[in-house]
1. Only one residue in Tyr292, Tyr336 is touching a Leu at 6+ places or on another chain (Cβ under 9 Å) and either closer than 19 Å to Gly227 by Cα or among the aliphatic types (A, V, I, L, M) (or both). Which one?
2. For segment 8-38, which residues satisfy the criterion of being among the charged types (D, E, K, R), under 21 Å from Leu282 (Cβ atoms) and outside any loop (DSSP other than H, G, I, E, B)?
3. Restricting attention to segment 131-161, and to residues there that are under 16 Å from Trp90 (Cβ atoms) and open to solvent by 10 Å² or more (accessible area, probe 1.4 Å), which single residue is modelled with the lowest pLDDT?
4. Name the residue that is nearest to Phe12 (Cα to Cα), counting only residues in segment 264-322 that are free of Cβ contacts under 8 Å to residues at least 60 places away in the same chain and among the aliphatic types (A, V, I, L, M).
5. Can you pull out every residue in segment 76-90 that is without any contact (Cβ under 8 Å) to a residue 40 or more places away in the chain and either touching a helix residue (DSSP H, G or I) at 6+ places or on another chain (Cβ under 8 Å) or open to solvent by 30 Å² or more (accessible area, probe 1.4 Å) (or both)?
6. Restricting attention to segment 199-230, and to residues there that are of a type in the set (Lys, Arg) and open to solvent by 60 Å² or more (accessible area, probe 1.4 Å), which single residue is nearest to His39 (Cα to Cα)?
7. How about segment 264-290: which of its residues are open to solvent by 10 Å² or more (accessible area, probe 1.4 Å), assigned to a strand (DSSP E or B) and of a type in the set (A, V, I, L, M, F, W, C)?
Amino acid sequence: MSWRPQYRSSKFRNVYGKVASREHCFDGIPITKNVHDNHFCAVNARFLAIVTESAGGGSFLVIPLEQTGRIEPNYPKVCGHQGNVLDIKWNPFIENIIASCSEDTSVRIWEIPEGGLKRNMTEAVLELYGHSRRVGLVEWHPTTNNILFSAGYDYKVLIWNLDIGEPVKMIDCHTDVILCMSFNTDGSLLATSCKDKKLRVVEPRSGRVLQEASCKNHRVNRVVFLGSTKRLLTTGVSRWNTRQIALWDQEDLSMPLIEEEIDGLSGLLFPFYDADTHMLYLAGKGDGNIRYYEIGSEKPYLSYLMEFRSPAPQKGLGVMPKHGLDVSACEVFRFYKLVTLKGLIEPISMIVPRRSETYQEDIYPMTPGTEPALTPDEWLSGVNRGKATGATLEESSRHSPSSSLLPFQLLRMFFRQQDEIRRLKDELSQKDIRIRQLQLELKNLRNSPKNN
């Protein structure tokens with residue numbers, strides 16, 4: 001028999017985590033002390049947003065990515081909510097639009113000015129009211145423009161069409177608080193985990209539950225679709241209270257394909273999946289570890305690669321979208337780690353070690369673009385379409401993603417034009433008054449005694 005290595009040959013076997021130097025971190029941030037199990041952080045290629053501790057109401061910071069270092073205590077905030085902010089998410093198609101939800105039962109849409117905030121922002125572009133209790137989760141539809149999902153403590157999921165600023169569908173199949181929502185690649189299916197210990201796959205437009213698993217042995221906390229593999233991965237707790245992951249077939253949730261115990265720690269396990277590299281990252285809340293695996297199509301499905309370790313515990317993690325990565329450094333994933341005790345946001349780059357400095361095509365396959373595939377009306381009418389994979393990551397990183405003209409922008413342009421019209425009318429009126437004054441002065445000069 002020929003000798004065979006014990007490990008799988010993989011181009012990602014030696015991926016390592018590289019922490020940014022202190023001057024490239026974000027320091028002095030009063031990160032929220034809220035115990036809600038969310039990341040409290042959202043990042044895109046332009047901005048970093050972090051939910052902060054605040055007295056009265058809820059607020060979050062929005063910092064341009066290049067503005068690293070110490071953040072001043074009086075740095076302007078987005079502070080329009082009347083209750084604690086529980087979740088924030090950037091619009092995937094337009095990089096200065098962010099959604100937030102709060103204990104005040106509202107969902108709000110904010111437009112961040114070019115270059116970031118210069119003063120506190122209290123006025124949202126849209127204020128959305130439809131939940132009867134606090135709202136814990138928001139998620140943008142992955143392929144459709146201006147469709148937003150929100151999950152509240154009223155056990156309801158509302159689907160909002162932001163073109164009209166109203167909910168267009170309510171998903172009412174849960175019997176307890178919804179813990180997590182995840183979409184498949186084209187957004188035609190929604191997976192949810194719930195406090196009622198059930199994992200569900202839902203058709204979001206009809207609200208119909210297609211598959212349901214009652215997870216008594218594996219108490220599900222988080223769920224994520226594994227790209228286009230028709231599989232789901234969940235993190236949870238075993239009957240012996242150990243942290244555990246399970247892999248499921250999305251079309252048959254009667255039994256998990258595999259279950260694997262991770263460790264005996266108590267913090268929540270956050271799963272992150274990269275569909276381009278087929279890598280799964282598991283980050284523990286309250287510890288400093290990030291484990292990573294490669295997902296295969298055949299048994300054993302999960303292949304352990306390595307673990308990033310840090311003594312600083314993480315409260316949550318933001319993830320940079322693919323077009324914001326540094327391809328020249330062979331970076332395949334980037335986390336933004338919230339270290340509450342230090343008031344620090346720490347970028348962690350996952351890097352494939354390569355000697356060559358040229359673009360590495362094998363680790364950067366074609367990736368979905370940043371243009372929406374559908375309009376809200378198309379998606380609501382039943383059309384499914386994935387985002388086009390028309391660009392390599394090298395091309396995406398060279399060109400900043402263009403954003404289509406959304407109703408927010410059209411509305412803003414309309415108001416700007418209205419302001420300009422008013423200004424010109426005022427200017428014209430002032431000139432008319434001045435002309436009349438000059439005509440009167442001329443008439444007085446002609447009629448004065450000196451001219452007779």
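1. Going through Tyr292, Tyr336 in turn, just one is touching a Leu at 6+ places or on another chain (Cβ under 9 Å) and either closer than 19 Å to Gly227 by Cα or among the aliphatic types (A, V, I, L, M) (or both): Tyr292.
2. Lys18, the sole residue that qualifies.
3. Ranking the qualifying residues of segment 131-161, first place goes to Asn145.
4. Applying the filter and picking the extreme gives Leu280.
5. Gln82
6. Per the criteria, the residue is Arg219.
7. Across segment 264-290, the qualifying residue is only Phe272.
This table checks each residue for (1) polar (S, T, N, Q); (2) free of Cβ contacts under 8 Å to residues at least 60 places away in the same chain.
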{"site": "Arg119", "(1), (2)": "no, yes"}
{"site": "His131", "(1), (2)": "no, yes"}
{"site": "Ser150", "(1), (2)": "yes, yes"}
{"site": "Val168", "(1), (2)": "no, no"}
{"site": "Phe183", "(1), (2)": "no, yes"}
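The values are calculated or read from the model by the stated rules, or taken from the named source; none is laboratory data. Everything numeric in this text was worked out from a predicted model, so none of it was measured. As a convention, Cβ positions derive from the backbone with ideal geometry for all residues, glycine included, and neighbour counts pool all protein chains shown. Calculation scope for accessible area: heavy atoms of the full protein, side chains included, ligands and nucleic acids excluded. Shrake-Rupley method; radii C 1.70, N 1.55, O 1.52, S 1.80 Å.
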